[in-house]
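Report on the following structure.
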Amino acid sequence: MSISANLAQIKERIRAAAEKADRDPASVSLVAVSKTRPAADIVAAFQAGQTVFGENYIQELVPKLAEVREPVQWHVIGHLQSNKVKYFAGQVAMIHSVDRISLAQEIDRQWGKLGRVCDVLIQVNISGEATKSGTTETGAMQLVRVCALLPNIRVKGLMTMPPFFDAPEAARPYFAELRRLSEAVAAERIAGVEMSELSMGMSGDFEAAIQEGATLVRIGTAIFGER
Ligand SMILES: *Cc1c(COP(=O)(O)O)cnc(C)c1O
């Protein structure tokens, strides 16, 4: 199927999942994960109405920032090395993968040079798998407190990647746990911190994530095909 047909189908599934959970479908935003895909695919998706694109690799993101002339919004969703931040400072709308203080400080420094504020999510490794990046749940609370003191970063919520399961329902407890953590952080009422976003759910499990409160679903394969 074409990118535009896939997008239409995904949007319909997002709508149905939201309604099943008694949620407003407009409260769930689609981040189209375009890693490994050429700029032409991003333009095709944009022409079909998709505006937000997620990239994992900075060496891929940077050329695309120049190649894609359409007014898309970029989100960084992958593990990020601090020394790469300067290559895209000011050019992305959100970073989903802040998992340590040194990275938060570097984002703050680079956005600060531009006199701007970067929206970020704290990535939490709920499952504790060694192969996944992300802070622990206790670490997340501490990291949010540190970020709250950085003037050029604004914490908007949390992000997680559950372990890979064949059955989407198996990921659900991890999504529920991220939501509980988000509520616990919100209850601390830390000045300048919003817990309005929950970035969770991918091609195989986004419906379960929406049931558990996802506001940003990150979907690649189901839009662009197998990588
Ligand atoms: C690749 C990736 C996705 C999208 O995964 P699909 O299964 O292709 O939908 C989402 N989030 C992150 C962090 C990713 O690396």
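Give the residue that is farthest from the ligand (Cβ to nearest atom), with candidates limited to residues of the stretch 98-118 that are small (Gly, Ala, Ser) and assigned to a helix (DSSP H, G or I). Checking each candidate, the answer is Gly112. As a summary of the residue check, Ile95 satisfies the conditions (1) within 13 Å of the ligand (Cβ to nearest atom); (2) in contact with a Ser or Thr (Cβ under 7 Å, 6 or more places away or on another chain) except for the one numbered (2).
When each of Arg145, Arg179, Arg172 is tested for being under 14 Å from Val98 (Cα atoms) and of a type in the set (D, E, K, R), the lone residue that passes is Arg145.
Thr138 satisfies every condition listed in (1) exposed (fewer than 14 other Cβ atoms within 10 Å of the Cβ); (2) within 16 Å of the ligand (Cβ to nearest atom) except (2).
Under the condition of being within 15 Å of the ligand (Cβ to nearest atom) and either of a type in the set (S, T, N, Q) or assigned to a loop (DSSP other than H, G, I, E, B) (or both), which residue from the stretch 30-58 is farthest from Ile223 (Cα to Cα)?
Keep residues of the stretch 30-58 that are within 15 Å of the ligand (Cβ to nearest atom), which gives 30-37, 41-42, 45, 50, 52-58.
From what's left, either of a type in the set (S, T, N, Q) or assigned to a loop (DSSP other than H, G, I, E, B) (or both): 34-37, 50, 56-57.
On the way: Ser34: 9, Lys35: 12, Thr36: 13, Arg37: 11, Gln50: 11, Asn56: 16, Tyr57: 19 Å.
Per the criteria, the residue is Tyr57.
Only a single item in (1) under 18 Å from the mean Cα position of the chain (by Cα); (2) of a type in the set (Asp, Glu); (3) at pLDDT 95 or above is not met by Glu188, and it is number (1).
In the stretch 189-202, the condition of being within 17 Å of Ile77 (Cα to Cα) and among the basic types (Lys, Arg) is met by no residue.
In the stretch 89-116, the residues that are of a type in the set (A, V, I, L, M, F, W, C) and at pLDDT 95 or above reach residues that are surrounded by fewer than 19 Cβ atoms within 10 Å (Cβ to Cβ) and in a helix (DSSP H, G or I) with C-beta atoms within less than 6 angstrom, at least six apart or across chains, in these pairs: Ile101/Val146; Leu103/Ser82. Just one residue in the set Leu121, Leu80 is part of a strand (DSSP E or B) and either more than 27 Å from Arg180 (Cα to Cα) or within 13 Å of the ligand (Cβ to nearest atom) (or both); that residue is Leu121.
The values are calculated or read from the model by the stated rules, or taken from the named source; none is laboratory data. Predicted model, so just to flag it, every value in this text is computed and none were measured. When we count neighbours, we look across all protein chains shown, and the Cβ atoms used for this are built from the backbone with ideal geometry, even at glycine.
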